[in-house]
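The values are calculated or read from the model by the stated rules, or taken from the named source; none is laboratory data. What you see is a predicted model; the values in this text were computed from it and never measured. A quick note on method: Cβ atoms are made from the backbone with ideal geometry, for glycine too, and the neighbour counts reach across all protein chains shown.
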Amino acid sequence: MLEERGAENLRTYEEINQKIRQGDAVVLTADEFIKTVESSGLASAAKEVDVVTTGTFGAMCSSGAFINFGHADPPIKMFKCWLNDVLAYKGLAAVDCYIGATAISETRDFEYGGGHVIEDLVSGKEIELRAEAYGTDCYPRRFIETVITINDVNQAILLNPRNAYERYNAATNSTDRTLHTYMGTLLPHYGNVSYCGAGQLSPLYKDKGFETVGIGTRIFLGGGVGYIIGEGTQHNPQNQLGTLMVRGDLKKMNNRYLRGATYYKYGTTLYVGVGIPIPILNERVAASAALKDEEIFTKILDYGVPSRSRPTVKKTSYAELKSGKVVIDDREITSSSLSSFKVASEIAKILKEWITDGSFLLNRPAELITDHREFKPLEVRRKEPRVGDVMIREITFGNPTDDIQSIAKILIEKGVDHLPIADDEGKLVGIVTSWDLAKALAQDKKQLNEVMTSRVITAREDEVIDKVVRRMEQHNISGVPVVDESKHIIGMLTTDHLSRKLIRRPLL
């Protein structure tokens with residue numbers, strides 16, 4: 001018969017808390033516990049150590065804060081609300097709002113966002129509050145503009161729907177252009193690998209079976225005390241992608257452990273410090289808490305493929321990632337962390353100090369976080385327009401040796417701006433535009449192969465339109481040849497075709 005998950009075979013929560021009150025609890029950070037297991041063995045370490053502390057500090061985009069401003073005189077029912085020009089969510093009561101970490105300033109764009117507002121609040125800085133209303137009999141004011149600090153508001157509650165991923169997939173880029181993503185800047189041709197998470201300090205990887213974390217678990221959050229209030233969104237524990245929903249009082253937090261940040265050309269976020277105490281209730285928990293970077297694995301995904309099912313380039317350990325080099329196809333690729341191991345270690349040590357000095361007791365969860373959850377993607381159930389629905393199939397294309405003047409006349413006669421170039425088998429080898437031909441004539445060029453672009457951005461007939469439109473925007477082009485698997489030209493798609501056929505439909 002399987003032992004109950006969370007079984008308190010070695011010690012109970014009450015026994016641990018009694019030892020904490022008496023100053024007798026043996027508390028080690030995850031790093032220290034690993035060394036103890038290596039020196040004295042798992043069974044001995046499990047009997048000796050009461051609590052293992054963990055820590056992580058990284059970008060947690062699914063974060064935000066509920067704020068209550070109190071009532072002005074005359075009062076206002078806020079319909080729209082801005083904090084330092086960052087729009088807050090106002091589908092709440094009159095003077096409550098939720099400021100999300102990834103909300104962006106309307107005047108400073110990616111330079112400043114909701115994560116920065118939260119950091120500035122915790123830092124005690126003045127925040128400009130602006131709000132609009134439609135006015136009612138009981139809330140007659142229609143506009144307000146003032147300045148607040150965290151001490152002026154009634155409540156400022158950090159409530160994060162998804163934090164502390166158990167592990168995080170690493171990222172690289174196989175394409176020939178630089179990508180700007182939530183995994184940072186990814187260089188072309190596997191130019192770098194970026195990753196997140198604290199590895200052997202990671203809170204949830206120290207309790208892989210979710211035997212000690214649950215609703216009501218007391219944690220380190222943002223420099224203060226917080227609580228787990230349930231599983232996080234996108235919780236996928238069976239694939240070691242568990243997450244947590246957490247909350248805490250912003251007024252008791254420290255801006256060292258809550259930092260607004262910007263990912264270049266991607267957006268804003270909030271770096272959050274989370275530390276969870278792992279009570280060593282049984283040997284399974286001890287074995288999980290003893291896992292080393294060499295035993296904790298994640299996948300390196302190719303972010304050059306714009307799909308929710310990105311291909312796996314390699315399975316790797318945190319030990320390899322942390323070494324600064326990852327081997328891909330016999331090449332050493334630089335790897336870099338988006339998380340801070342220094343601050344993660346600091347959090348684990350602070351939590352250890354809190355427990356050791358008796359100021360932090362452990363809670364038995366009211367309900368454990370589930371160790372299995374069906375993970376559902378979003379399916380598009382309505383028909384989306386695809387390239388084949390919009391493209392022009394009857395097209396003119398040239399040959400590399402065609403005369404430029406004759407091709408220019410064809411473009412004028414046909415009224416088109418793009419001419420794909422094919423070899424004798426009808427396979428795409430290049431493209432020219434009317435602008436290319438104008439320059440060629442001015443420079444007295446003779447044949448298409450002297451002016452054509454050989455590296456052509458293309459589309460496939462079965463691709464959805466918005467994906468191709470984004471590709472065209474990224475490359476600043478107004479048309480793409482449509483090719484089959486063998487690179488035979490089967491059509492042409494241009495912004496002109498899109499505007500004619502989809503004029504009433506938003507593309508993005």
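Here are a few things to note about the model shown:
- Of all the listed residues (I395, I404, I410, I431), the sole one being touching a helix residue (DSSP H, G or I) at 6+ places or on another chain (Cβ under 6 Å), outside the structural domain of T243 (by TED's automatic domain parsing), surrounded by 10 or more Cβ atoms within 10 Å (Cβ to Cβ) and not small (G, A, S) is I404.
- Check on I333, in contact with a strand residue (DSSP E or B) (Cβ under 6 Å, 6 or more places away or on another chain), crowded, with 17+ Cβ neighbours inside 10 Å, over 15 Å from T181 (Cβ atoms) and assigned by TED's automatic domain parsing to the domain that holds E32: yes
- Restricted to the stretch 87-179, the set of strands (runs of 3 or more DSSP E) holding at least 1 residues that are at pLDDT below 95 comprises 109-113.
- Scanning the stretch 1-32 for residues that are within 30 Å of F341 (Cβ to Cβ) and of a type in the set (V, I, T) yields I16, I20, V26, V27, T29.
- You will find that of M60, M78, the residue that is touching an Asp or Glu at 6+ places or on another chain (Cβ under 9 Å) and surrounded by 19 or more Cβ atoms within 10 Å (Cβ to Cβ) is M78 and no other.
- Only one entry in D96, D137, D152, D109 is acidic (D, E), surrounded by 16 or more Cβ atoms within 10 Å (Cβ to Cβ) and more than 30 Å from K206 (Cβ to Cβ), namely D96.
- Filter result for V468 (among the aliphatic types (A, V, I, L, M), closer than 23 Å to T401 by Cβ and at pLDDT 85 or above): no
- Filtered by the rule that a residue be out of contact with any Phe, Trp or Tyr (no Cβ under 6 Å at 6 or more places or on another chain), buried (at least 18 other Cβ atoms within 10 Å of the Cβ), of a type in the set (G, A, S) and part of a loop (DSSP other than H, G, I, E, B), the stretch 209-266 gives G232, G242.
- Members of the stretch 184-208 that are under 19 Å from D31 (Cα atoms), part of a loop (DSSP other than H, G, I, E, B) and either free of Cβ contacts under 8 Å to residues at least 60 places away in the same chain or not basic (K, R) (or both): C196, G197, A198, S202, P203
- Test: D462 is part of a loop (DSSP other than H, G, I, E, B) and over 23 Å from T175 (Cα atoms): no
- Figure legend. Inter-residue proximity from the stretch 404-423: first residues in contact (Cβ under 8 Å) with a residue 12 or more places away in the chain, second residues in a helix (DSSP H, G or I) and among the β-branched types (V, I, T), beta-carbon distance below 9 Å, spacing 6+ or different chains. Indicated pairs: V416/I410; L419/I407; L419/I410.
- Any hit, the stretch 5-20, residues being in a strand (DSSP E or B) and more than 31 Å from the chain's Cα centre (by Cα): no
- Selection within the stretch 81-93 - crowded, with 19+ Cβ neighbours inside 10 Å, in contact with a Cys (Cβ under 9 Å, 6 or more places away or on another chain) and not aliphatic (A, V, I, L, M): C81, K90
- Condition broken by V468, with the remaining ones in (1) buried (at least 16 other Cβ atoms within 10 Å of the Cβ); (2) part of a loop (DSSP other than H, G, I, E, B); (3) within 38 Å of the chain's Cα centre (by Cα) satisfied: (2)
- Residues that are over 41 Å from the mean Cα position of the chain (by Cα) and not in a helix (DSSP H, G or I) were ranked within the stretch 413-423; the one that is surrounded by the fewest Cβ atoms within 10 Å (Cβ to Cβ) is G415.
- Residues of the stretch 360-415 satisfying the condition of being within 30 Å of L281 (Cα to Cα) and either out of contact with any Phe, Trp or Tyr (no Cβ under 8 Å at 6 or more places or on another chain) or among the polar types (S, T, N, Q) (or both): L361, N363, P365, A366, E367, T370, H372, R373, E374, F375
- The single condition among (1) surrounded by fewer than 16 Cβ atoms within 10 Å (Cβ to Cβ); (2) modelled with pLDDT of 85 or more; (3) outside any helix (DSSP H, G or I); (4) within 32 Å of the chain's Cα centre (by Cα) that E485 does not meet is (4).
- If only residues of the stretch 283-309 that are out of contact with any helix residue (DSSP H, G or I) (no Cβ under 8 Å at 6 or more places or on another chain), in contact (Cβ under 8 Å) with a residue 60 or more places away in the chain and not in a strand (DSSP E or B) are counted, the one that is nearest to P377 (Cα to Cα) is R308.
- Counted residues, the stretch 424-455 - those being of a type in the set (A, V, I, L, M), part of a helix (DSSP H, G or I) and under 23 Å from N476 (Cα atoms): 4
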